[in-house]
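All remarks here apply to the structure that follows.
The values are calculated or read from the model by the stated rules, or taken from the named source; none is laboratory data. All values derive from a computational prediction rather than experimental measurement. FYI the Cβ positions are ideal-geometry reconstructions off the backbone, even for glycines, and counts take in every protein chain you see.
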Amino acid sequence: MRIFLYKIKLLDPLFYAREGLSESFTPPYLHATAVNLAAKSALNLDPRDQPLLVSDENGGRNTPRYHNSLVSIDFYFTPARLITPLRYQPEITKGETDGFLIMTGRSDQGKPLKAGTLNYLPPESEFEGYLITKKDYTWPRIMRLGTFRGKVKLILKQLDRMRAVKEKQTLSHPVDPLVTSVKRGIMINIFPYPIVDNVQSDHAIAGYLEQKRFPDIVAFPDEWELPTSEILQTGKKAVIV
C-alpha cells in the first residue's frame, strides 16, 4: 500500500459547475468523483462502464452511474484544493445541451445560438490532494477533467514514515462525505454533491514528505480497513506504528 500527495496542474483552461450548470464560476476544489473517474478512464479500467450516459431511454442526459467517488477497490483519490492564487479567465462559450446555451427565435425559423460567458480556471493553476493505492499502477501523466475535458498534468510525491492516527486530527484534505464519515466541517457546494473541508477523523494515516516537519493526515474511505502493523511498500519500507 502506498500513499501519495498528488498535484494536478492545469494545461488547458478548466471549467466545471458549482451547482449543476447554473453557476458560471468554477470553484477552487476538485471533487473526488471527477479525479477518480478521470484516473480510471486514463488507466482504461472497465472501459464499458462509462461514468455518465450520453442519453438514456427516457431522453435524459448526464445520468450518473456512480453512487459516490469510490469507483475502484484498489485506489482512491481524495478531493483536492486549489493551492495557487484563485484567478478566473472569462471565456465566451457555446454549448448545445449543457444549460448555459440560450436558444432564441421562433419555432418555425432558424434558432441562432446565444453563448454565455463562463469563468474558467487558467492554465498553470494547481490543486493538491492525496492518493491511497493498494496496487502499483503506471499512473497517467496526463488526464482530462472538467465540462470540456481539458488536459491536466498529474504529479505524485510519495509519503513515508507512516504512523496510525490514534486520536481525531484535522485532515490535510477535503473529504467526500459519502465515502468518509463527517461529524463537523465546512460544506463546499460543488457538483455533483457537496464535499466537506476542515474535517477531523481518526480513521486516518499520518505520513511525512521529505524535508517536511509536520505530517500530512490522510483519511481512508470508511469501508477500507486501516493498516496497523504491516510494512507499507513505500520504497523506504516505513512501518505503521
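Some observations on this one:
- For the stretch 90-131, taking the residues that are modelled with pLDDT of 90 or more and of a type in the set (A, V, I, L, M), the one that is nearest to Asp176 (Cα to Cα) is identified as Leu131.
For (1) of a type in the set (D, E, K, R); (2) in contact with a helix residue (DSSP H, G or I) (Cβ under 7 Å, 6 or more places away or on another chain); (3) more than 27 Å from Ala17 (Cβ to Cβ); (4) in contact (Cβ under 8 Å) with a residue 24 or more places away in the chain, each residue gets a yes or a no:
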{"site": "Glu128", "(1), (2), (3), (4)": "yes, no, no, yes"}
{"site": "Lys134", "(1), (2), (3), (4)": "yes, no, yes, yes"}
{"site": "Asp176", "(1), (2), (3), (4)": "yes, yes, no, yes"}
{"site": "Met187", "(1), (2), (3), (4)": "no, no, no, no"}
{"site": "Asp197", "(1), (2), (3), (4)": "yes, no, no, yes"}
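- Filtered by the rule that a residue be over 14 Å from Phe220 (Cβ atoms) and under 13 Å from the mean Cα position of the chain (by Cα), the stretch 167-176 gives a lone residue, Pro174.
- Any hit, the stretch 42-56, residues being modelled with pLDDT of 55 or more, closer than 17 Å to Ile190 by Cα and not aliphatic (A, V, I, L, M): no
- When the stretch 179-224 is filtered for residues that are under 19 Å from Leu70 (Cβ atoms) and of a type in the set (Phe, Trp, Tyr), the ones remaining, listed by number, are Phe191, Tyr193, Phe220, Trp224.
- Scope the stretch 209-223; condition in a loop (DSSP other than H, G, I, E, B), more than 16 Å from Met1 (Cβ to Cβ) and touching a strand residue (DSSP E or B) at 6+ places or on another chain (Cβ under 7 Å); matching residues: Leu209, Pro215
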